[in-house]
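> Below you'll find the structure I mean.
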Amino acid sequence: MINFVIILFIITLIYLSKVEMVKSYYPLMGLQGLLLFGLALLELHEVDALQLAFILLETLIFKAIFVPLFLLRITRGKIHRHQNSPVKGYYAVFIALVIIVLSFITSHEMHDEFLDVKYFTAATSSILIGLFIAINNRDLVTHLIAYLVIENGIFLLSLALGSELPMFVNAAILLDIFTSVLIMGIFFNKLKDYFQNTDISQLSQLKD
């Protein structure tokens, strides 16, 4: 069952790499949150009830529900389609597949008894594909999506290193995401008062 959930997570990464309509990111991010919730529920059966409840709250309530709805609200009717992405469509899918294959080969060759290959493959793939999404697209909201994809990879990396996940690590991750989403939301709403789009090249026009 865990392998099936991880495969579904990797498939969402492939879809994220080729998305052109910005609104299509939101259900995919919600699905990733649900998949991470499922992985935490299946994998962290040895942790205490309080820690498990916190992790499940972080993945289900925050990642799967709050973040997609929040992003949908702040971008409603303002952003529609990527226009200037240098890599689009099946070329982006090909790059994502190359990243996934290289991640699997790297994790398999490490031969570490404490390292779970399937988690490490999904984690490194998520981090690298998140970086690719940020580099390949120029609008601010997509950069925030890329950051969240990277953070999902970091969460998976913690599972790859063992089922014992310290409470303060999860608290730090949750606080980091929450702060980033709020700051980016405020920044986006301020920026739209001055510009008609969210292309990051517009930032060069900002002055004191």
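The values are calculated or read from the model by the stated rules, or taken from the named source; none is laboratory data. What you are looking at is a predicted structure, and each value in this text was computed from that prediction instead of being measured. Please note: Cβ atoms are built from the backbone with ideal geometry, for glycine as well, and neighbour counts cover all protein chains shown.
> Do we have S107 as in a helix (DSSP H, G or I), among the polar types (S, T, N, Q), at pLDDT below 90 and surrounded by 22 or more Cβ atoms within 10 Å (Cβ to Cβ) here? Break it down into steps so the answer makes sense when it comes.
Numbers: in a helix (DSSP H, G or I): yes; among the polar types (S, T, N, Q): yes; at pLDDT below 90: yes; surrounded by 22 or more Cβ atoms within 10 Å (Cβ to Cβ): yes.
Here the answer is yes, as S107 does meet what is asked.
> Consider only pairs whose beta carbons are under 6 Å apart and that are at least six residues apart or on different chains; among these, list those whose first residue lies in the stretch 8-26 and is among the charged types (D, E, K, R) and whose second residue is crowded, with 20+ Cβ neighbours inside 10 Å and assigned to a helix (DSSP H, G or I).
From the stretch 8-26, the pairs are K18/A92.
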